[in-house]
Amino acid sequence: MDSETHRNKCAACYRQYNKVEHLIEHMRVSYHSVHEPKCGVCQKQCRSYESLREHLIGPLPKVECARVFSIRGCNLCLKIFDSSSAVRSHRATCQFSGTMTGLISRMSRMNIQAGSCIDNGQMSGSRVVALVCKMVGGGSDGSLDLCARVCLVGEDENIIYHAYIKPQVPVTNYRYESTGIRPEHLRDAVPLKQVQRRIQDILCNGEPIWKIRSKGSKARILTGHGIDHDLKCLGVEYPSFLIRDIANYPPLMKTSKLSNSLKYLTQAYLGYDIQNGMQDPYEDCVAALRLYMRMRHPGHPRDYACGCGDGPMRNNYPAWRQRELERMTAEALLDLSESDYYCWCLDAYN
């Protein structure tokens, strides 16, 4: 019985089943792939980095994995290294600084604080753009989100565009404690339609919106945290296949499949704090950009077939193959499995 149960052990997450048909059903719904985070000690695959973090340093970690990780593991990228000295050397490059450097960045932030509109042109070399909006409140109770400030940052972490936006309805709550926005910032702010056109031009990279509906265009990848909400408040449309939302990326979500805050993700995976008091949109943009870049280069094997996100449509475990599947080993079943989300590591090759 024990040997049969071991045979029915998932080769990815190591769950064990009494019957092979139960293992096959598990593979149908789990969508394991090489793109999942993996423990560097026992090689167990986890659905998210939060799940891997719990496996290594959570309240009830795997004892041997936790022991090895405490000596040779990086708390940020969760990788295991050959020695403790190798970990120390790695951390110097793995941990980011919360201090943004660069002359343009410093000058841009000074201008932001002064309330100026900044526009550094098309930035044709930047393939990825991070966008963050700050909202003030409208409506009788101030709960209606009105976009009052927008910031776009390129891959070099310099500002492409920043502006205060004139709300189209009266502001009833400036939410000053978190936004830092005062009435004088919006008195001579840029009209929303002008901001919409400029953002569309930057994202589309000079191409008309109808042309970027298909892959292969020059349009830019857009990243941020809660991008759909920001675009909705801005009134800007953008194709979903070009959006990389930090809040909804499965490897960065909680084990309960809920979103983590940008503040938590920055502290956990970049190693510094943001949003202490008033929220700086430039700081948030840089954090989102860095998180995207970290997820873009996770060290996965290059495998287009199982990371393209169409696993649920392919269903490599159909009922008509049941007898064939029951004769396969757990490793062979894993080879058939595909991811149900688009892995950002594929962006590095496209």
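The values are calculated or read from the model by the stated rules, or taken from the named source; none is laboratory data. These numbers were taken from a predicted model, which means no experiment stands behind them. Because the Cβ atoms are built from the backbone with ideal geometry, glycine has one as well, and the counts that use them run over all protein chains shown. Side chains are part of the model used for accessible areas, which takes the heavy atoms of the whole protein and leaves out ligands, DNA and RNA. Shrake-Rupley method; radii C 1.70, N 1.55, O 1.52, S 1.80 Å.
Among the residues of the range 305-350, those that are of a type in the set (Asp, Glu) and within 13 Å of LEU23 (Cα to Cα) comprise GLU326, GLU331. One residue alone among TYR292, TYR341 is at negative phi, aromatic (Phe, Trp, Tyr) and at pLDDT 95 or above, and that residue is TYR292.
The residues listed here are ILE209, ILE243; of these, the one that is within 25 Å of ALA288 (Cα to Cα), in contact with a Leu (Cβ under 7 Å, 6 or more places away or on another chain) and surrounded by fewer than 18 Cβ atoms within 10 Å (Cβ to Cβ) is ILE243.
For the range 292-306, indicate whether the set of residues that are touching a residue at least 12 places away in the same chain (Cβ under 8 Å), open to solvent by less than 10 Å² (accessible area, probe 1.4 Å), part of a helix (DSSP H, G or I) and hydroxyl-bearing (Ser, Thr, Tyr) is non-empty. Among the residues of the range 292-306, at least one is touching a residue at least 12 places away in the same chain (Cβ under 8 Å), open to solvent by less than 10 Å² (accessible area, probe 1.4 Å), part of a helix (DSSP H, G or I) and hydroxyl-bearing (Ser, Thr, Tyr), which makes the answer yes. Taken across the range 40-47, residues that are open to solvent by 70 Å² or more (accessible area, probe 1.4 Å) and of a type in the set (S, T, N, Q) do occur, with at least one present. Restricting the first member to the range 162-189 and to residues that are within 15 Å of CYS117 (Cβ to Cβ) and in a loop (DSSP other than H, G, I, E, B), and the second to residues that are of a type in the set (Lys, Arg) and open to solvent by 50 Å² or more (accessible area, probe 1.4 Å), the beta-carbon pairs closer than 7 Å and six or more apart or on different chains are ALA189/LYS166. Filtering the range 3-26 to residues that are in contact (Cβ under 8 Å) with a residue 40 or more places away in the chain and within 25 Å of the chain's Cα centre (by Cα) leaves only ALA12. Within the range 311-338, being open to solvent by 80 Å² or more (accessible area, probe 1.4 Å) and either closer than 30 Å to ALA288 by Cα or at pLDDT below 90 (or both) holds for MET313, ARG314.
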